[in-house]
Amino acid sequence: MGQLWLSLHILYAIYGMSLVAGNPCKITEDLTADCSHLKLSAIPSDLPRNIKALDLSHNQLKKLPAANLSVYDQLERLDAGFNTLHQFEPALCKQLLMLKTLNLEHNEFTKISENDFTFCVHLSELHLASNGISNIDGNPFEKLENLLFLDMSHNKMISTALGNKQQLNNLKELYLNSNKISKLNKEAFEFLANTSLQKLDLSSNPLTEINPGCFQAIGSFAALVIQNTQLDPQRTEQVCSELAHTGVRNLTLNNIRLSKIRNTTFKGLADTNLTVLDLSGNSLSQIDNDSFVSLGALEILNLENNDISHVNPKTFNGLSKVRVLNLRKSLSSNLKLDDLSFQSLHNVQYLNMEANKIISITEHTFIGLTSLTNLSLSDSTLQQHTLTNRTFLSLSKSPLYHLNLTKTGLTKIENGAFLCLKHLQLLDMGLNQIDQEVSGNELEGLANIEMIYLSYNRRITLTSNSFIFAPSLSKLYLRKTALTFRDLNPSPFKVLQNLTVLDLSNNNIANIQEDVFESLSNLRILSFEHNNLARLWKEANPGGPVLFLKGLKNLEKLSLLSNGFDEIPANAFKGLCKLKVLDIGENNVYILPPSVFDDQHSLTLLDLHKNLITSVEQDLFKNVFSSLKYLNMGGNPYDCTCESIAWFASWLNTTNTSVPLAHSQYICNTPARYHGNPVDNFDSSPCKELAPFRLFVSTFSLMLVFILSVLLIQFQGWRIHFYWTVSINRILGFKEIDPRKRNFDYDAYIIHAQNDVSWVENHLIPLEKNAGSKLQFCFEERDLEAGTSTLSAFVDCINRSRKIIFVVTRNLLNDSWCRRFKVQHAFQQAIEQNRDSIILIFLEDIPDYKLYHTIHLRRGMFKSRCILDWPDQMERIKTFYQRLKIALGSTNLVNLL
């Protein structure tokens, strides 16, 4: 029984389950018991005995009984914060000998007694913040020789003294911020005489008195943080003086109301090795000349969020070792930035001048920054909105590799603007107002450029030579730039053979050539979403679908989201063998060709959400689904039938692929009895019941063949007889007359119902007058000779017409004259003369069975190019006329192949 209980303990620890059904604590794999936010008033006694961490925070505990916790003797971390504890049992640490972290923050320990932590000799972290502690008796931390971290912040202490003896020899971080400390006395820091602090935080205290020697009493410390205190310039100078001869290397004086820096402010730091100085958030307006000459070792200077009104060549004197200078949002709107202001900053590598209101750049502004590699002017307003060949001339001797000009108000780039930045690799000019044609000379000099970001500008026009001076480019971003192409032959991207990332999204691009990306053999990521590429992939597109993805053999990520696609060519993704991510979501795709994913063996993410897909068939998706890790096909109108969805429903219920919202976004649309039901609930068992009938189907096949033969003879007998006759004639040496060698008076005879005269007059007859069409129709209301028999005139005109057009409407089917004579005579004559000359134009949706029962014709009797449907959309009428001209120009010879 004991072994079973131990096994249950281990099982629950592994799977994060509590041992007792009523215990809501969670046990994680690293043996942490999370009992937080449960309104507990007592410590749970039924947790696994071997837990290493226990979180009791945010409960209603009033005590931490050592006896209750003693059963968890492997505890290393105990969090009892955010309770109502007001007394600590010293025996707790005596029972928990492995305890290293103890968190008692946000409780009610107003007083710390000398014996509270006597047995906590192994503690490395102690959190006592936000307890209202105002009094410390004796030396409660004397035994904590291994303590590295002590947080006494947000209490009511009036002194920094935590004892009257030397202690806490190994302490690294001490937080005394947000107390009521007003004086810094030497005696109050003597308890730290032998320490080597890494960080001392005195922020948010009402410091009014800085006594001599206060910091000298501390053994040593590396970082001093004083923030959110009204220190003012005088007391700031006192603090710096008291830091003389200390080991301080990092000094933070943030938001201390330091409105002015004098040339004596930091004089006391001359004997230190200060490397980091943070003066941010001080509303600093004036810096006297030579104020930083005492900081010869400084490497990082942060002046962010100030209001400096004047910078001159002596402002930064003495900062010869500074590597990082942060002037973000630090310069006044009335700034006077003198030439050569940065001349002494020979080692600055990163200069941040972001979010300043107006910056004027001259030919001498950045002279002296001979080590500068990164310059950011983002979100600042440049006084000159046009980049000229003089703008960055002062950086000609700098090894600048990253220039950030985002949101600087740029409108134009002149030729040679970057000619002096020969080392530049990253150029960011996004979110500006640039409106120009890129001829290529604008980027001259960027021989080493790797990334150009031009997204979110007003208008960019590319030419064939746009990037001839930047062949090393590997990443190009042109998102939302109203991108147009003045010339695509050759492609603007032809020289970018190193390009790996290309973003052309959100540009409403509607027309590109097939070879536009052909040279980009190294492209890995192509973002082409939110454009208007639908027409390019239509079968009806003049010249056929434009396969613009050819040549991208190393492409790994392709986004075609929201392009209006309703057709995808079978070869659209041919050759993209390394594709891992494919996003075709939010289009109008309803049918996918059977071979469309044949080359996608490495696909890990497929997104087809919000299309019009009704069927997910095994033959099409099985191979591509085998490697998927993520699938998104939600929001499609699925047809929940055995043929369409049974395999997919089964796959959804068994796959390890991540399919988010599979139960809520994959919903049946048809048939009516499944409408609104989740696809993964589809019952496929009736589909499996078809298996026993396979034997029956095989034995029934002969009968089925017989029935099909009868139907074939019934509906296609005329065609079989016709082809048989033509074949016999050819074998015997007879050939039909080539209609192209015969002169016809008309291109086509129009057969229509009387009620459709107006449509013919409005939509067919005007084609005769179009420039270059040279068409002549026989329209009986106009061309039949007066005084002749209607029958003979009709027969004569049929013989004189190269093609015969049927305008098929319900009016035609109901017109007895057209139905019984005109249609049958024209059809019979075409058969007798071996002519494939009939063109059907459907103005209405006529079912095939109705067409057969009325005029004995079927769509299948004619070639697809000779069957046309009058479009409902105005924009497709031009395509209709183009298809009509193709049909009228096709041969009448009957092709037996």
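The values are calculated or read from the model by the stated rules, or taken from the named source; none is laboratory data. All values reported here derive from a predicted model rather than from experimental measurement. Using ideal geometry, Cβ is built from the backbone for each residue, glycine included, and neighbour counts are taken over all protein chains shown.
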Just checking, does region 336-346 include any residue being crowded, with 18+ Cβ neighbours inside 10 Å and over 22 Å from LEU395 (Cα atoms)? no
Anything in region 142-157 that is within 16 Å of SER203 (Cβ to Cβ) and among the hydrophobic types (A, V, I, L, M, F, W, C)? List them, or say none. LEU150, MET152, MET157
Looking for something at positive phi, touching a Cys at 6+ places or on another chain (Cβ under 8 Å) and free of Cβ contacts under 8 Å to residues at least 60 places away in the same chain - is there at least one such residue anywhere in region 438-459? yes
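Every residue, every condition in (1) small (Gly, Ala, Ser); (2) out of contact with any Phe, Trp or Tyr (no Cβ under 6 Å at 6 or more places or on another chain), yes or no:
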residue: LEU47; (1), (2): no, yes
residue: GLN60; (1), (2): no, yes
residue: SER70; (1), (2): yes, yes
residue: GLN74; (1), (2): no, yes
residue: ILE112; (1), (2): no, yes
residue: ASP116; (1), (2): no, no
residue: CYS120; (1), (2): no, yes
residue: ASN139; (1), (2): no, yes
Failed condition for ASP583, given (1) over 30 Å from LEU499 (Cβ atoms); (2) buried (at least 19 other Cβ atoms within 10 Å of the Cβ); (3) of a type outside the set (Ser, Thr, Tyr); (4) in contact (Cβ under 8 Å) with a residue 40 or more places away in the chain, with all others met? (1)
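Taking the conditions exactly as written (among the hydroxyl-bearing types (Ser, Thr, Tyr) and closer than 21 Å to ASN404 by Cα), does SER332 satisfy them or not?
Values: among the hydroxyl-bearing types (Ser, Thr, Tyr): yes; closer than 21 Å to ASN404 by Cα: yes.
Yes, satisfied.
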Meets criteria (buried (at least 20 other Cβ atoms within 10 Å of the Cβ) and more than 23 Å from LEU592 (Cα to Cα)) for SER521: no
Hey, among the residues in region 472-491 that are assigned to a loop (DSSP other than H, G, I, E, B) and either of a type in the set (Val, Ile, Thr) or at pLDDT below 95 (or both), which one's nearest to MET429 (Cα to Cα)? THR481
Please give the number of the condition SER203 fails out of (1) under 19 Å from LEU147 (Cα atoms); (2) under 50 Å from the mean Cα position of the chain (by Cα). (1)
Which of the residues that make up region 735-774 are under 17 Å from PHE806 (Cβ atoms) and either of a type in the set (A, V, I, L, M) or modelled with pLDDT under 75 (or both)? ALA748, ILE750, ILE751, ALA753, VAL757, VAL760, LEU764, ILE765, LEU767
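I'd like the residue in region 113-166 that is assigned to a loop (DSSP other than H, G, I, E, B), charged (D, E, K, R) and closer than 20 Å to ASN83 by Cβ and, out of all such residues, is nearest to the chain's Cα centre (by Cα).
Taking region 113-166 and keeping what is assigned to a loop (DSSP other than H, G, I, E, B), we get 113-124, 128-134, 137-148, 152-166.
Filter again for charged (D, E, K, R), leaving 114, 116, 137, 142-143, 145, 156, 165.
Of the ones still in play, those that are also closer than 20 Å to ASN83 by Cβ are 116, 156.
Values: ASP116: 54, LYS156: 49 Å.
The residue in question is LYS156.
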Take THR229 and decide whether it is assigned by TED's automatic domain parsing to the domain that holds ASN305, farther than 20 Å from SER294 by Cβ and in a loop (DSSP other than H, G, I, E, B). yes
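Residues of region 318-335 being part of a strand (DSSP E or B) and crowded, with 21+ Cβ neighbours inside 10 Å, which ones?
As a first pass, look at region 318-335 and keep what is part of a strand (DSSP E or B): 324-326, 331-335.
Those that are part of a strand (DSSP E or B) and crowded, with 21+ Cβ neighbours inside 10 Å: LEU325, ASN326, LEU331.
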ASN289 fails exactly one of (1) in contact with a Lys or Arg (Cβ under 6 Å, 6 or more places away or on another chain); (2) more than 19 Å from THR381 (Cα to Cα); (3) not in a loop (DSSP other than H, G, I, E, B), namely (3)
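Restricting attention to region 347-363, which residues are in a loop (DSSP other than H, G, I, E, B) and either among the small types (Gly, Ala, Ser) or at pLDDT below 95 (or both)?
Residues satisfying the conditions are ALA355, ASN356, LYS357, ILE358, SER360, ILE361, THR362, GLU363.
Kindly check whether there is at least one residue in region 125-135 that is over 18 Å from LEU168 (Cβ atoms) and touching a strand residue (DSSP E or B) at 6+ places or on another chain (Cβ under 6 Å).
First pass over region 125-135, keeping only residues over 18 Å from LEU168 (Cβ atoms): 130-132, 134-135.
Filter once more, so that each one left must be touching a strand residue (DSSP E or B) at 6+ places or on another chain (Cβ under 6 Å): 135.
For region 125-135, residues over 18 Å from LEU168 (Cβ atoms) and touching a strand residue (DSSP E or B) at 6+ places or on another chain (Cβ under 6 Å): present.
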ILE468 is checked against (1) buried (at least 22 other Cβ atoms within 10 Å of the Cβ); (2) touching a helix residue (DSSP H, G or I) at 6+ places or on another chain (Cβ under 9 Å); (3) of a type outside the set (Ser, Thr, Tyr) and fails just one. What number does that condition carry? (1)
Per the filter on region 351-361, residues surrounded by 17 or more Cβ atoms within 10 Å (Cβ to Cβ) and not aliphatic (A, V, I, L, M) are ASN352, GLU354, ASN356
Region 243-265 residues that are more than 23 Å from ASN194 (Cα to Cα), paired with ones that are crowded, with 21+ Cβ neighbours inside 10 Å and of a type in the set (Phe, Trp, Tyr) (beta carbon under 6 Å, 6 or more apart): none
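Mind telling me which of the residues VAL248, VAL239 ends up being in contact with a Ser or Thr (Cβ under 6 Å, 6 or more places away or on another chain) and modelled with pLDDT of 90 or more? Before the answer, list the steps.
On the way: VAL239 fails: in contact with a Ser or Thr (Cβ under 6 Å, 6 or more places away or on another chain).
After applying the criteria, what remains is VAL248.
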